[in-house]
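The values are calculated or read from the model by the stated rules, or taken from the named source; none is laboratory data. The model shown is predicted, which means the values in this text are computed figures rather than measured ones. Glycine also receives a Cβ, built like all others from the backbone with ideal geometry; neighbour counts cover every protein chain displayed. Quick note on the areas: whole protein, heavy atoms, side chains included, nothing else; ligands and nucleic acids left out. Shrake-Rupley method; radii C 1.70, N 1.55, O 1.52, S 1.80 Å.
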Amino acid sequence: MDSVSLSEVTVMRRTHLGFMHSFRQPFSGVTISPKFCHSKVVGSRAMSSSVSSTKSQYVYGESLAATADSDYKMNGLTLKNRISSVKERFLLDAFDDEYGGVVVDHDKLPSNPNAFTSMLRNSLSDWRRKGKKGVWLKLPVEQSELVPVAVKEGFEYHHAEKGYVMLTYWIPEEEPCMLPGNASHQVGVGGFVLNQYKEVLVVQEKYCTSSNTGLWKLPTGFINESEEIFSGAVREVKEETGVDTDFLEVIAFRHAHNVAFEKSDLFFICMLKPLSDKISIDNLEIKAAKWMPLTEFVEQPMIKGDKMFKRVIEICEARLRHRYCGLSPHRLVSAFDGRPSSLYYNVVDDDDPSHSNCTAEFY
């Protein structure tokens with residue numbers, strides 16, 4: 001038997017005594033020796049006749065798992081349900097996922113690291129015996145002391161948020177891990193807002209690199225969790241400049257790699273229609289904002305020398321002349337998940353041009 005701490009011995013002893021006591025209750029009129037010395041046992045495997053070996057049998061997972069699968073009878077009574085009940089006390093609460101794996105219930109984790117270690121080891125043995133594959137273990141920040149325990153048992157970091165860290169464990173050693181990785185992309189938006197005077201809404205950021213000092217640029221930002229691209233673009237323009245807008249189209253998007261924390265980046269350039277013209281800047285992020293003539297905006301050295309942004313401006317100008325059609329969001333429900341989502345596409349109807357989003361005016 002592996003060496004255990006004094007506290008673990010105490011816990012096991014109390015558990016064993018409670019287990020013995022639970023046997024005495026339902027069998028009225030039946031005398032049972034504490035050591036099972038004179039008990040009549042019928043089955044494929046004889047039970048231990050000593051307190052110490054019985055303790056080992058009911059505390060450690062593998063012997064216990066094997067015992068729980070057999071029907072023992074004592075004085076004609078089946079003990080399988082009793083043994084199964086005791087076994088479950090030493091396993092982590094978890095539920096099956098749809099991919100042959102398990103998800104540990106983080107609301108029912110033990111607070112004691114020693115208890116967690118024992119239950120985690122027993123659970124891994126049990127899941128391996130049942131042919132489970134991936135294990136998802138979410139540890140709240142309040143129980144961060146359990147993280148090194150899980151890592152020591154072979155769990156790997158998957159991702160972390162403010163309130164928790166998610167770890168995973170792939171059980172089949174002969175199979176490659178099929179668990180999906182962490183999110184690989186961040187999503188940004190830029191708002192191209194043009195008024196009736198052919199002026200574009202631009203900002204100067206308060207914090208930027210020295211090479212971008214003095215640059216007038218489009219309002220930009222990141223999409224929030226569970227936020228649509230179109231609503232994120234409208235929100236960012238409002239937050240940075242105070243100008244209300246309507247989303248019209250996605251004109252283009254850029255896909256870059258190894259941007260922040262080695263993640264990829266999707267950046268959507270959106271054309272928005274202004275609903276107001278009064279500017280009220282966000283003093284935390286923005287140094288200044290104004291309406292700038294489009295011709296002056298594109299003549300800035302940084303803009304003029306950037307081939308990608310120059311092409312973006314050319315696309316926007318082509319859209320203003322109805323020579324280009326962007327993508328508009330359409331809410332649809334997919335039969336795969338039954339959830340509504342946004343599909344971005346353009347609508348061109350030669351029979352009825354009014355049905356085309358390419359005819360929409362921007363001011």
Would you mention how many residues in region 234-264 are open to solvent by less than 70 Å² (accessible area, probe 1.4 Å), over 21 Å from residue 207 (Cβ atoms) and among the charged types (D, E, K, R)?
2
Based on what the data block shows, is residue 150 touching a residue at least 12 places away in the same chain (Cβ under 8 Å), open to solvent by less than 40 Å² (accessible area, probe 1.4 Å) and not in a loop (DSSP other than H, G, I, E, B)?
yes
Counting only residues that are touching a residue at least 60 places away in the same chain (Cβ under 8 Å) and not in a helix (DSSP H, G or I), which one in region 88-126 is farthest from the chain's Cα centre (by Cα)?
89
Taking residue 177 and the conditions (1) in contact with a helix residue (DSSP H, G or I) (Cβ under 9 Å, 6 or more places away or on another chain); (2) surrounded by 13 or more Cβ atoms within 10 Å (Cβ to Cβ), which numbered condition does it fall short on, given that it satisfies the others?
(1)
Checked region 180-191 for anything at pLDDT 95 or above and of a type outside the set (Gly, Ala, Ser); matches are 187, 189
Conditions: (1) open to solvent by 40 Å² or more (accessible area, probe 1.4 Å); (2) of a type in the set (S, T, N, Q); (3) part of a strand (DSSP E or B). Residue 295 meets all but one. Number of the miss?
(3)
Restricting the first residue to region 255-266 and requiring it to be under 19 Å from residue 312 (Cβ atoms) and acidic (Asp, Glu), which pairs with a second residue that is assigned to a strand (DSSP E or B) and open to solvent by less than 100 Å² (accessible area, probe 1.4 Å) meet a Cβ separation below 9 Å and a spacing of at least six or different chains?
265/185; 265/186; 265/187; 265/188; 265/254; 265/255; 265/256; 265/259
Determine whether residue 283 is outside any helix (DSSP H, G or I), open to solvent by 80 Å² or more (accessible area, probe 1.4 Å) and at negative phi.
yes
Against the definition (at pLDDT 95 or above, open to solvent by less than 70 Å² (accessible area, probe 1.4 Å) and more than 25 Å from residue 172 (Cβ to Cβ)), how does residue 115 come out, yes or no?
yes
When region 232-252 is checked residue by residue, the ones that are more than 18 Å from residue 317 (Cβ to Cβ) and either among the charged types (D, E, K, R) or in contact with a Phe, Trp or Tyr (Cβ under 7 Å, 6 or more places away or on another chain) (or both) are 233, 234, 235, 236, 238, 239, 240, 244, 246, 247
Could you pull out the residue among 167, 92, 120 that is under 30 Å from residue 261 (Cα atoms), in contact with a helix residue (DSSP H, G or I) (Cβ under 8 Å, 6 or more places away or on another chain) and surrounded by 13 or more Cβ atoms within 10 Å (Cβ to Cβ)?
167
Go through (1) part of a loop (DSSP other than H, G, I, E, B); (2) on the phi < 0 side of the Ramachandran plot; (3) open to solvent by 20 Å² or more (accessible area, probe 1.4 Å) for residue 142 and report which single condition fails.
(1)
Tally up the residues in region 309-363 that are exposed (fewer than 11 other Cβ atoms within 10 Å of the Cβ), among the polar types (S, T, N, Q) and either at pLDDT 85 or above or within 38 Å of the chain's Cα centre (by Cα) (or both), please.
1
Tell me, which residue of region 233-292 that is more than 14 Å from residue 188 (Cβ to Cβ) and of a type in the set (S, T, N, Q) is modelled with the lowest pLDDT?
283
Quick check: anything in region 222-229 β-branched (Val, Ile, Thr), in contact with a helix residue (DSSP H, G or I) (Cβ under 6 Å, 6 or more places away or on another chain) and in a strand (DSSP E or B)?
no
So residue 131 clears everything in (1) modelled with pLDDT of 65 or more; (2) open to solvent by less than 70 Å² (accessible area, probe 1.4 Å); (3) more than 19 Å from residue 172 (Cβ to Cβ) except one condition, right? Which one?
(3)
Selection count where residues are under 13 Å from residue 192 (Cβ atoms) and under 29 Å from the mean Cα position of the chain (by Cα), scope region 231-246:
4
Boolean, residue 266 is in a loop (DSSP other than H, G, I, E, B), under 30 Å from residue 183 (Cβ atoms) and not small (Gly, Ala, Ser):
no
